[in-house]
Amino acid sequence: MAHVELRNLEKRYDNDAHAVKGVTLSARDGEFVVLVGPSGCGKTTTLRMVAGLEEITSGDLFIDGERMNDREPKDRDVAMVFQNYALYPHMTVFENMAFPLKMRKVPKAQIKIQVEDAAKLLGMDKHLKKKPKELSGGERQRVAVGRAIVRKPKVFLFDEPLSNLDAALRTQMRAELKRLQRSLGATMLYVTHDQVEAMTMGDKIAVMNKGELEQFGTPSEIYERPATVFVARFLGSPAMNVLPGGIIHEPGESYFVSDMLKIKLNGHFEAGNVHLGIRPEAIVLEWESKGTDSISGKLILIEPIGSVTHYYIECEDAFGGTFVASVPHGPVTLAGATLSLGDSVTFRIPSESIHLFDRQSGKRMD
């Protein structure tokens with residue numbers, strides 16, 4: 001496999017659109033790196049530059065230490081799996097998987113061995129004589145992956161490969177792709193807009209927004225210490241609660257303050273305008289307010305999701321927002337009564353669980 005390195009990669013188009021802005025990241029040998037972000041953030045353009053399908057405006061791309069900027073796609077030793085599978089409808093599964101080897105004039109006997117090995121690995125060995133129209137969506141995806149595997153490339157590139165599948169099949173295919181990556185020891189770059197795919201599949205995650213790399217790290221690093229407000233709200237379901245406020249100083253202490261809150265901070269922070277972030281699972285529901293770190297509001301939605309229940313609490317206009325609290329094993333009972341829609345609810349924001357971001361730059365404060 002291979003080590004892939006992007007150094008200040010840029011992509012500009014003739015209409016002055018700046019699609020990718022100085023992206024720097026690396027995928028080590030055998031690492032699964034996921035590029036995630038909303039539509040139009042530049043993640044697919046970045047992947048296509050690695051594949052050689054988009055010209056690199058500036059910056060450098062290295063694979064195993066060799067600069068690839070001017071190499072043709074066929075000379076980069078990468079294989080790409082597309083969102084729409086890109087299978088030939090008139091060919092059988094065997095012929096589709098064998099096609100890239102045939103184009104490279106690999107001997108027929110060797111093609112047969114490599115295709116059958118890949119098909120067995122993917123559980124498609126009994127479908128080699130079928131045509132794509134006879135297959136399910138998941139089976140077609142396996143054929144597309146198999147066509148990449150038979151080439152034995154240095155790097156696998158995936159562009160939203162599961163977006164056309166239903167929810168249950170996506171979950172199954174996520175597990176299968178991760179298992180496949182580990183069994184092959186493959187270096188993979190994987191593009192998705194789905195944060196669940198990113199968090200469950202990636203060894204490292206690159207969070208992109210408006211062409212820029214907001215944060216690059218492990219799933220736990222990014223979830224527990226988001227580098228920006230954007231990352232904090234993008235990764236996590238429900239999203240992190242964020243509210244505006246400021247930091248003030250009182251003798252020997254720093255406090256976060258807003259219209260309805262005053263929270264003593266663990267550590268010293270410079271005074272100024274900030275955003276406070278708190279994950280839904282960190283919020284503590286209470287029967288009544290016990291201090292200045294508690295807020296009251298009206299329960300407007302209860303969302304049971306299996307083992308977790310999400311409570312949406314609308315706060316007063318002065319506070320300006322709806323908070324979400326996530327509680328395992330709901331429903332919640334306070335003072336002997338089960339919470340129901342329309343109830344007045346008090347919740348506490350523990351100081352040890354908050355995240356602070358500079359309001360102007362959006363960057364994390366430590």
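Pairs from the list LYS43/LYS131; LYS74/LYS152; LYS262/LYS363 with a Cα-Cα gap above 25 Å: LYS43/LYS131. Were the residues from GLU221 through LYS120 laid out at 0.36 nm apart, the gain over their Cα-Cα distance would be 32.7 nm. Rounded to the nearest 20, the Cβ-based charge dipole of the range 68-175 about its Cα centre (Lys and Arg +1, Asp and Glu -1) stands at 400 debye. Which entry in (i) 22.6; (ii) 21.6; (iii) 23.8 is this structure's computed mean projected area of the Cα convex hull in nm²? Here the calculated entry is (i). Residue by residue, the range 290-299 carries 3J(HN,Hα) couplings of 10, x, 6, 9, 10, 9, 10, x, 9, 6 Hz when phi is fed to the Karplus relation 6.51 cos²θ - 1.76 cosθ + 1.60 (θ = phi - 60°); x denotes Gly or Pro.
FRET efficiency for the ASP64 to ASN15 pair, using the beta carbon distance and R₀ = 30 Å, is estimated at 0.30.
With Cα atoms as the point set, the range 1-72 shows a radius of gyration and Dmax of 11.9, 38 Å. Placing pseudo-labels 7 Å out from each Cα toward the beta carbon at VAL196 and LYS210 gives an inter-label distance of 2.9 nm. Extending 7 Å from the Cα toward the beta-carbon at both GLU72 and ALA175 defines two label points whose distance is 4.3 nm. The calculated FRET efficiency for the pair LEU301 and ALA109, based on their C-beta separation and a Förster distance of 51 Å, comes to about 0.20.
Measuring r between the beta carbons of THR338 and SER26 and using R0 = 45 Å, the FRET efficiency lands at 0.30. Label separation (LEU184 vs SER163): 2.1 nm, computed from points 7 Å beyond Cα along the C-beta direction. Each helix, a run of at least 4 DSSP H residues, gives -39500 (n - 2.57); summed and divided by the residues of the chain, these come to -7000 deg cm²/dmol at 222 nm.
Counted residue by residue at 0.36 nm each, then reduced by the alpha carbon distance between them, the extension gain from ASN8 to HIS249 reaches 82.8 nm.
Beta bridges from DSSP with both residues in the range 4-233: antiparallel share about 50 percent, rounded to the nearest 5. One quarter of the convex hull surface built on the alpha carbon atoms of the range 237-358 amounts to 7.5 nm², the projected area averaged over directions. Result for the chain in a Gaussian network model with C-alpha springs under 10 Å: among GLU176, GLU116, GLU270, the largest mean-square fluctuation is at GLU270.
GNM on the chain, C-alpha springs below 10 Å: top fluctuator among LYS152, LYS204, LYS108? Maximum fluctuation in the GNM of the chain, among the listed residues, is at LYS108. Taken as Cα centroids, the range 3-56 and the range 289-305 sit 41 Å apart, rounded to the nearest whole angstrom.
No lab work stands behind these numbers, since they all come straight from the coordinates. What you are looking at is a predicted structure, and each value in this text was computed from that prediction instead of being measured. No Cβ is skipped: glycine too gets one built from the backbone with ideal geometry, and neighbour counts run over all protein chains shown.
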